[in-house]
1. Express the accessible area of segment 1-91 per residue in Å², computed with a 1.4 Å probe while the remaining protein chains stay in the model.
2. How large is the Kirkwood hydrodynamic radius of the chain, counting all unique pairs of alpha carbons, in Å?
3. Can you compute the modelled spin-label distance between Phe119 and Glu94, with each label point 7 Å from Cα toward Cβ, in nm?
4. Treating only the Cβ atoms of Lys and Arg (+1) and Asp and Glu (-1) as charged, compute the dipole magnitude of segment 65-155 about its Cα centre; round to the nearest 20 debye.
5. Out of the total accessible area of segment 1-74 (probe 1.4 Å, heavy atoms of protein only), what percent is carbon and sulfur?
6. Go through Lys136, Lys33 and list them by solvent-accessible area, largest first, probe radius 1.4 Å.
7. Using only the alpha-carbon atoms, how far is helix 78-94 inclined from the longest principal axis of the chain? Give it as 0 to 90 degrees, nearest 10.
8. Each label point is 7 Å from the Cα along the Cα-to-Cβ direction; what then is the distance between the points at Ala152 and Asp76, in nm?
Amino acid sequence: MILVSSCLAGLEVRYNGSHSLDSRVRDLIKNGKAIAVCPELMGGFSTPREPAEIVGGTGEDVLRGTAKVIEKSGRDVTALYLKGAYETLEKAKEVNASIVVLKEYSPSCGSTMIYNGEFQHKKMAGTGVTAALLLKNQVKVVSEEKLHSILAEVE
């Protein structure tokens, strides 16, 4: 089984109420090979919500307690991001997920790149909180940009 970011399945759960539909992800769900999850909703957020970025590091740093997830207005939402990450990890274990496909650049789901915490649309290398926790627990994580590389494994 594969876990996939809900926004990639076409669900309107992104911070601004939009989605990032990837028809390949929708097909995986339709064929019973994937389950959609949204770490941010699992953490207690609603849609729409204020944009947030990791300030002071990456998802790994948030897990260590040396960085925070902050909304654009300045509100610290680190606890909600951590809750969503741990809920996603539990779901991955529950369904024995072989891989998790996450939305790149998200403060939760970015698997190789995230926004740099300045709210200026600048990206940097690093993982989001959920991606970092999954990787720390030996769960294979890829972004939708690398989805083609795993499709042969599951089809």
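The values are calculated or read from the model by the stated rules, or taken from the named source; none is laboratory data. Because the structure is predicted, anything quoted here is derived from the model rather than measured. For neighbour counting, all protein chains shown are included, and Cβ atoms are generated from backbone atoms with ideal geometry for every residue, glycine included. To get the accessible areas, we keep the full protein, side chains included, count just its heavy atoms, and leave off ligands, DNA and RNA. Shrake-Rupley method; radii C 1.70, N 1.55, O 1.52, S 1.80 Å.
1. Details: 4300 Å² over 91 residues.
Result: 47 Å² per residue.
2. On the way: mean 1/r = 0.0664 Å⁻¹.
Kirkwood radius, the chain: 15.1 Å.
3. Label-label distance for Phe119 and Glu94, simple model: 3.4 nm.
4. On the way: 12 positive and 11 negative charges, 62 e Å.
The dipole of segment 65-155 has a size of about 300 debye.
5. Numbers: 1710 of 3440 Å².
So the carbon and sulfur contribution to the accessible surface is 50 percent.
6. Details: Lys136 130, Lys33 70 Å².
Most to least solvent-accessible, the answer reads Lys136, Lys33.
7. 20 degrees
8. 4.7 nm
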